[in-house]
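See structure below.
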Amino acid sequence: MAKILIVYHSQTGNTEKMALAVADGARSIEGAEVILKKAGEAVLEDLLAADGLAVGTPENFGYMSGMLKDFFDRTYDGAREKVFRKPFVIFISAGNDGTGALKAIERIALGFKFKMVYTPVIAKGAITEEILDQCRELGATIASGCQIGIY
Ligand SMILES: Cc1cc2nc3c(=O)[nH]c(=O)nc-3n(C[C@H](O)[C@H](O)[C@H](O)COP(=O)(O)O)c2cc1C
C-alpha cells in the first residue's frame, strides 16, 4: 500500500481546494492511502512514513508560506539521509505569479534530496475546474507511481 502524504497551507482556501483535489486523485488509485495534513500539524514521522509527498502552498511575498517553510525547518534535521529520492510533487496557488514559491521549494527539495516526479501545478488567480483536474492528475500520478514502485 502506497502512503501519500499531502502537506499544505492555505489562508483563504484556494490551496486547500487544490489539496483536496490532489487527495481525490491519489485516492482514485487502488491501494493508495492518503494522509492529508495542514503544514502546521504535519510532523517528521508523517514524512518518514510516507512513500510519496505532495506539498502545497500559496505564494506569499514571492516565497512559500511561512507555515510550509516551518514544516521543512522542523523536519530537516530528522529527515536528513532518510528521505533520499523520496518522490514528491508541488502545487501552488498564486495571485498572478507562483515562480518565487516554486523556486524556493525546489531549492529546499535539493537539501532534502527529494525527487520531483511530475510537473508542478501552479494556479494563477481563481481555482478553476481545469486546475482541479490538473491537481487530481498530480495526485493520481504520484500515487500510482508509488504503488507500482516505478520511482
Ligand atoms: C501576504 C500575501 C502575500 C502574497 N504574495 C503574493 C505573491 O508574491 N505573488 C502572487 O502571485 N500572489 C501573492 N499573493 C496572493 C496569494 O498567493 C493568492 O491569493 C493565493 O490564492 C492564496 O492562497 P490561499 O487561499 O490558499 O491562502 C499574496 C497574498 C497574501 C495574503
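The values are calculated or read from the model by the stated rules, or taken from the named source; none is laboratory data. None of the values given here were measured: they were computed from a predicted structure. Cβ placement follows ideal geometry from the backbone for every residue including glycine, while neighbour counts extend to all protein chains displayed. Just the protein is used for accessible areas: all its heavy atoms, side chains included, with ligands, DNA and RNA removed. Shrake-Rupley method; radii C 1.70, N 1.55, O 1.52, S 1.80 Å.
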Problem - Residue that is farthest from the ligand (Cβ to nearest atom), among those in the range 73-99 that are of a type in the set (Phe, Trp, Tyr) and either open to solvent by 10 Å² or more (accessible area, probe 1.4 Å) or assigned to a loop (DSSP other than H, G, I, E, B) (or both) - result: Phe84
Exercise for the section: Say whether the condition of being open to solvent by 40 Å² or more (accessible area, probe 1.4 Å) and touching a Pro at 6+ places or on another chain (Cβ under 9 Å) is met by at least one residue in the range 14-34. Expected result: yes
Problem - Whichever residue in the range 35-61 is of a type in the set (Gly, Ala, Ser) and open to solvent by 40 Å² or more (accessible area, probe 1.4 Å) and, among such residues, is farthest from Leu5 (Cα to Cα) - result: Gly40
Practice task
Give Lys82, Lys38, Lys69 a once-over and let me know the one that is over 19 Å from Glu106 (Cβ atoms) and within 13 Å of the chain's Cα centre (by Cα).
Solution key: Lys38
Exercise for the section: Scan the range 51-65 and give yes if some residue there is within 16 Å of the ligand (Cβ to nearest atom) and in a helix (DSSP H, G or I), otherwise no. Expected result: no
Exercise for the section: Give just the number: which of (1) in contact (Cβ under 8 Å) with a residue 40 or more places away in the chain; (2) open to solvent by 30 Å² or more (accessible area, probe 1.4 Å); (3) assigned to a helix (DSSP H, G or I) does Gln134 not satisfy? Expected result: (1)
Problem - Matching residues, the range 100-125, being free of Cβ contacts under 8 Å to residues at least 60 places away in the same chain, outside any strand (DSSP E or B) and either among the aliphatic types (A, V, I, L, M) or within 18 Å of Ser28 (Cα to Cα) (or both) - result: Ala101, Leu102, Ala104, Ile105, Ile108, Ala109, Leu110, Tyr118
Fill in the blank from the handout: Of (1) within 9 Å of the ligand (Cβ to nearest atom); (2) under 14 Å from Met64 (Cβ atoms); (3) open to solvent by 30 Å² or more (accessible area, probe 1.4 Å), Lys124 satisfies every one except (2)
